[in-house]
1. So what's the back-of-envelope 222 nm ellipticity for the chain, counting only DSSP H runs of four-plus at -39500 (n - 2.57) apiece and dividing by all residues, rounded to 500?
2. Which whole-angstrom value gives the distance between the alpha carbon centres of region 55-106 and region 2-26?
3. Taking only protein heavy atoms and a 1.4 Å probe, what accessible area per residue, in Å², does the chain have with all protein chains in place?
4. From a point 7 Å beyond the Cα of Asp19 in the direction of its Cβ, which residues of region 66-94 have a backbone N at a distance under 16 Å?
5. Starting from the exponent 0.38 and prefactor 2.2 Å, build the expected Rg for region 6-91 from its residue count and divide its actual Cα Rg by it.
6. Which whole-Hz couplings ³J(HN,Hα) result when phi for each residue of region 11-18 is put into the Karplus expression 6.51 cos²θ - 1.76 cosθ + 1.60, θ = phi - 60°, listed in order with x for Gly and Pro?
7. Measure off, as a whole percent, the carbon and sulfur share of the 1.4 Å-probe accessible area of the chain, all protein chains present.
8. Under a crude label model (7 Å from the Cα following the beta-carbon direction), how far is Val5 from Asp48 in nanometres?
Amino acid sequence: MSLDVSPALLEKAERGEVDEREFVDCVRTSLPYAWELISSLVAQQKVDGSPFADNQTPPPSEQARGQLLRAMASDAIRGSLERHFGVRLAFQNCHRVAVFPLGPGSEARFALFTSIRAQLLNQSEELRDC
């Protein structure tokens, strides 16, 4: 499944006039699980004031997992989500999304989260075929 693009938005893209807000809305309606997960992590990070917020619960279905993978694997989608929410997104395995606030204080934590070491330490047998 790809994005559910309306004929009007597709026509705008064909003309070269794509507004990022319209694209973000298309992502929101096309990938509701991914949108809700990222939205909730952004809210959690802001409320808690923590250096980052992450999800460690696998998606409830393969459809939800597919939405999350599409959102995180597409440079256009991921970049638009980062700009929309004002965060930096990180991804491990098939479901561990993390949101980091923008700013110099977050760079070290982001680098640690996205390091080779962190990826290796985040492995488990149960997630091998996720």
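1. Numbers: 7 runs with 73 residues, N = 130.
When only DSSP H runs of four or more count, the value is -16500 deg cm²/dmol.
2. Using only Cα atoms to place each centre, the spacing works out to 21 Å.
3. That works out to 60 Å² per residue.
4. Answer for region 66-94: 84.
5. Working: Rg = 13.9 Å, N = 86, 2.2 N^0.38 = 12.0 Å.
Normalised Cα radius of gyration, region 6-91: 1.16.
6. Coupling constants for region 11-18: 4, 4, 5, 5, 7, x, 10, 9 Hz.
7. Details: 4130 of 7740 Å².
The value for the chain is 53 percent carbon and sulfur by accessible area.
8. Roughly 3.6 nm, to one decimal.
The values are calculated or read from the model by the stated rules, or taken from the named source; none is laboratory data. Values in this document were obtained by computation on a predicted structure and should not be read as measured data. Glycine gets a Cβ as well: all are built from the backbone with ideal geometry, and neighbour counts include every protein chain shown. Only protein heavy atoms, including side chains, enter the accessible area calculation; ligands, DNA and RNA are left aside. Shrake-Rupley method; radii C 1.70, N 1.55, O 1.52, S 1.80 Å.
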